[in-house]
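Engineer: Got a structure for you, written out below as structure tokens; questions coming shortly.
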Amino acid sequence: MEEVRNHQVILKDYVNGSPKESNMLLKTSSTIPLKLPQDSNGVLVKNLYLSCDPYLSLLMSKGQVGYLESFTPGSPITGFGVAKVVDSEHSNFKKGDIVWGLTGWEEYTIITTPETLFKIQDADVPLSYYTGILGMPGMTAYYGFYEICAPKKGEYVFVSAASGAVGQLVGQFAKLTGCYVVGTAGSNEKVEMLKSKFGFDEAFNYKEEQDLDAALKRYFPEGIDIYFENVGGKMLEAVLLNMRVNGRISVCGMISQYNLNQEEGVRNLSSIIMKRLLVKGFIIFDNFDLYPNYLEMVIPLIKEEKICYIEDVANGLESAPTALIGLFLGKNVGKQVVFVARE
């Protein structure tokens, strides 16, 4: 039976506060057989691309984080990725299938719950897209914008962390709907990209704004109908003051709070009452039943070049820790992906 050595990125120990590259370690495990035991019902995959997502930092701390268990120190980090099936004891998958779903930060992973995997049917687009626009971030943008916010033509839409994997898609979905869209990002390069690449009507660098409330009044003199929330903290406080009556806030993430030992409080919550706002958080794991609907909508948009998608690709498994930490330092431009291996 053929065996290979398996390189892995493991969590060294639980993290307090902001994670660092030193909290992760590239390790070569003992050999792994390329054949599964009969009737194991599992799938052995060779990982091709790994997805760097902000929520991973939450799982480096001890204890359950809402819907997911923390990582185990000494074991590989797990996240979304694209992989090729090397061996299968599950009836839904066969050797050679290309899949996406939760996998390990390693070269080879044995997946014991393969029913969580999605088989990739359309290979006419880059496989890396299944870590982003055709994967979890894409579904997040789709559900959070269309299902929660129910946008209408002519409405005013604000997107925070707008140059990231989710934000860049929300902005473009909003433009396709006929909305006026403003995004915010953390560098002038990203601000320019929002306008020139993704078609945002306006964008601003939040780091250059002393008064976020004043900035929002400048870009939204008539107020905001829809806010796609990725940041939390001071940005959310300012947005609440600038929402229009019956506005909708889709709460996707709060990256400004993830690595704090004590989360910040948020003021201006009375605006939710006075303006009759809908504020709804969501976990995309609950909504993958809509994935076929999403693909039916988005794949034609990609092939017809009606939507732009930008990736920031790091090469090699060894680059994964740097790529992940870079998310919290604003170093990535577009969706952060790690290329692990060719098919």
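The values are calculated or read from the model by the stated rules, or taken from the named source; none is laboratory data. In this text, all values refer to a predicted model and were calculated from it rather than measured experimentally. Methodologically, a virtual Cβ is constructed for each residue, glycine included, from the backbone with ideal geometry; neighbour enumeration extends over all protein chains shown. The protein model used for the area step is the full one, side chains on, heavy atoms only, and it has no ligands, DNA or RNA in it. Shrake-Rupley method; radii C 1.70, N 1.55, O 1.52, S 1.80 Å.
Engineer: When the Debye formula is applied to the Cα atoms of region 143-194, each taken as the same point scatterer, what base-10 log of I(q)/I(0) results at q = 0.15 Å⁻¹?
Structural biologist: Scattering profile of region 143-194, log10 relative to I(0): -0.36.
Engineer: What translational D, rounded to a whole number of µm²/s, comes out for region 23-94 from Stokes-Einstein when the hydrodynamic radius is the Kirkwood one over Cα pairs, at 4 °C and 1.567 mPa s?
Structural biologist: Numbers: Rh = 14.5 Å.
Diffusion coefficient, whole number: 89 µm²/s.
Engineer: Next up: Return the sequence-ordered ³J(HN,Hα) values of region 104-110 in whole Hz as given by the Karplus equation 6.51 cos²θ - 1.76 cosθ + 1.60 applied to θ = phi - 60°, using x for Gly and Pro.
Structural biologist: x, 7, 6, 6, 10, 9, 8
Engineer: With a 1.4 Å probe and every protein chain left in place, work out the accessible area per residue of the chain in Å², rounded to a whole number.
Structural biologist: With the other protein chains kept in place, the chain gives 45 Å² per residue.
Engineer: Pick from Ala123, Ala215, Ala165 the residue whose mean-square fluctuation is largest in a GNM of the chain, springs joining Cα atoms under 10 Å.
Structural biologist: Ala123
Engineer: Where a Cα-Cα gap under 18 Å defines reach, which aspartates and glutamates qualify for Lys46, not counting those fewer than 8 residues away within the same chain?
Structural biologist: Glu2, Glu3, Asp87, Glu89, Asp97, Glu106, Glu107, Glu115, Glu318, Glu343
Engineer: Round to the nearest 0.05 the FRET efficiency obtained for Glu202 and Arg5 when R0 = 56 Å and r is the Cβ-Cβ distance.
Structural biologist: Details: r = 52 Å, r/R0 = 0.92.
The pair Glu202/Arg5 has a calculated efficiency of 0.60.
Engineer: Then there is this: Considering only protein heavy atoms and a probe of 1.4 Å, how much of the accessible area of the chain is carbon and sulfur, as a whole percent?
Structural biologist: Heavy-atom surface of the chain belonging to carbon and sulfur, 1.4 Å probe: 49 percent.
Engineer: Just to be sure I understand the curve: with the Debye formula and one point per C-alpha of region 244-343, what is log10 I(q)/I(0) at q = 0.24 Å⁻¹?
Structural biologist: Results for region 244-343 at q = 0.24 Å⁻¹ read -1.19.
Engineer: Further question: In region 216-267, if every C-alpha pair distance is counted and binned at 10 Å from zero, what percent goes to each bin?
Structural biologist: For region 216-267, the binned pair fractions read 26, 52, 20, 3 percent.
Engineer: Determine, at each q value in 0.09, 0.18, 0.22 (inverse angstroms), the log₁₀ of I(q)/I(0) that the Debye formula gives when each Cα of region 96-223 is one equal point scatterer.
Structural biologist: -0.35, -0.97, -1.24
Engineer: For the chain, set up a GNM with springs between Cα atoms under 10 Å and report which of Thr31, Thr109, Thr177 has the largest fluctuation.
Structural biologist: Thr31
Engineer: Could you tell me the extents of region 12-141's C-alpha atoms along the three principal axes, largest first, rounded to whole Å?
Structural biologist: Largest to smallest, the principal-axis extents are 42, 38, 25 Å.
Engineer: Over region 231-301, what number does the Rg to Rh ratio reach, with both radii from the alpha-carbon atoms and Rh per Kirkwood?
Structural biologist: Answer for region 231-301: 1.08.
Engineer: Longer than 32 Å from Cα to Cα, which of Lys234/Lys303; Lys12/Lys195; Lys35/Lys119 are they? Say none if no pair is.
Structural biologist: Lys234/Lys303; Lys12/Lys195
Engineer: Looking at the P(r) of the chain, how many percent of alpha-carbon pairs lie beyond 27 Å?
Structural biologist: Percent of Cα pairs beyond 27 Å in the chain: 46.
Engineer: About its Cα centre, how strong a charge dipole does region 1-96 have in debye, to the nearest 20, once Lys and Arg get +1 and Asp and Glu get -1 at the Cβ?
Structural biologist: My answer is approximately 200 debye.
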